[in-house]
Amino acid sequence: MSVVLTEQHGLVTVLTINRPDRRNAICKDTALALQQALADFDDSGQRVAVITGSGDEAFSAGADVNNLPELWRCIPGVGVVTDKPIIAATAGWVVGGAMVMHMMCDLAVAAENTRFSYPEGKMGFTGGMIAGLAARVPHKIAMEFILRGKPMNARRAYEVGLVNEVVPVGRQVDAALAMAQELAAMAPLVLRTIKRFVRDDVLPRGPSERMALTLSQLGAIQSSRDIEEGRRAFREKRAPGFEGR
C-alpha cells in the first residue's frame, strides 16, 4: 500500500500520509513520495491541496527514527515551492517535523483531539526550521512551545492563531475540503499572487529554511536531464543539446 495516498475532489487534491501502524511517521520513502505528490499537484490544473494523516490517532508522529528522512523534502514551500494554497487537516498527534509541515501550510483545520508537540529539546536534536513559528504566532507563545516542549491542544492552538478551525474528531478532512472548495472557486491568479507576496516578501526565512531551499534547488540540477546530457556530450566529444529540465 502506498505511503502517501492521492485523491482528487474536483479542483482539490487530498494527500494522505498513510502509515497508521507507525502513527504516520515520516520515513525516507514517505518524504520522497510526499515531495513527488506535491510536485505533481503544483504541475497540475488542481487549485488547492489538503494534507492529512490516515486515521484520527495522529496526523504524524514526525520523522521515523528507524528510517530517517531528509525531512525538508516534504515540507511545503521548501521541498516543493508552490503558489497554490495548502491546507493542513489534523487529528491526534502532530509531532516534531510534522509540526513544521503544519506550520508551513497556509491554513489549518484541527480535530478536537489534536495535540501539537515539538519535543526536540528533550531529545537533543533539531533541524532548526521550527524557528519560523515565531513569525507565525506571537513570539512568547512560539518560544514557550519550542523551548519547553509541552504539548499544545487544539483549542489553545486556535486561540494563538496556529489553526483556523477546530472541529469534532473525524470531521477534519471534510471541514478542510469545504474550505478548499471555497478557495478553488476563487480567482487562482489572485490567491497565488497573494500567497507569493506573503511567502517571499512578508514572512522571514530562517537559516535552516534557506539552507533547505538551497539543497532543493541544487538537487533539481543534480537530477536533471541536462546534467546527464552534459556528461554524455562530454564523453562523446560533441556539443550538448540542453532542454532546460
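When 1/r is averaged over all different Cα pairs and the result inverted, which Kirkwood radius in Å belongs to the stretch 1-124? Before the final figure, lay out each step's value.
Working: mean 1/r = 0.0710 Å⁻¹.
By the Kirkwood definition, the hydrodynamic radius is 14.1 Å.
Take each of the peptides 178-187, 215-224, 6-15, average the number of other beta-carbon atoms within 10 Å over its residues, and list them starting from the highest. Can you show the working numbers first?
Working: 178-187: 15.8, 215-224: 11.9, 6-15: 17.3.
Packing proxy ranking, top to bottom: 6-15, 178-187, 215-224.
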Report summary line: For the pair LEU189 and ASP201, the simple spin-label estimate (label points 7 Å beyond Cα toward Cβ) gives in nm 1.7
**Report entry** Cα extents of the chain along the three principal axes, largest first (Å)
**Finding:** 64, 45, 40
Report summary line: Ranking LYS237, LYS84 from most to least accessible area with a 1.4 Å probe gives LYS237, LYS84
Query raised in the report: When every alpha-carbon pair in the stretch 58-160 is counted, what percent end up more than 19 Å apart?
Result: 38
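Per DSSP H run of n ≥ 4, the term is -39500 (n - 2.57); total these for the chain, divide by its residue number, and report the mean residue ellipticity at 222 nm rounded to 500 deg cm²/dmol. Don't jump to the answer; show the numbers that get you there.
Working: 9 runs with 96 residues, N = 245.
When only DSSP H runs of four or more count, the value is -11500 deg cm²/dmol.
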Query raised in the report: Relative to the Cα centre, what is the charge dipole magnitude of the chain, using +1 at the beta carbon of each Lys and Arg, -1 at the beta carbon of each Asp and Glu, and rounding to the nearest 20 debye?
Result: 600
Report summary line: Taking a crude spin-label model, label points 7 Å out from Cα along the C-beta direction, the ALA39 to GLN8 distance in nm is 2.0
Report task. Describe numerically, in nm with one decimal, the distance between label points set 7 Å from Cα along Cα→Cβ at ARG210 and at ASP226. Result -> 2.4
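Of all DSSP beta bridges in the chain, what percent run antiparallel (nearest 5)?
Details: 9 of 33 bridges.
Of those bridges, close to 25 percent are antiparallel.
The values are calculated or read from the model by the stated rules, or taken from the named source; none is laboratory data. Bear in mind that the values here come from a model prediction, so they are computed numbers and not experimental data. With ideal geometry, Cβ positions are generated from the backbone for all residues, glycine too; neighbour counts draw on all protein chains shown. When the accessible area is computed, the model is the full protein with side chains, heavy atoms only, and any ligands, DNA or RNA have been set aside. Shrake-Rupley method; radii C 1.70, N 1.55, O 1.52, S 1.80 Å.
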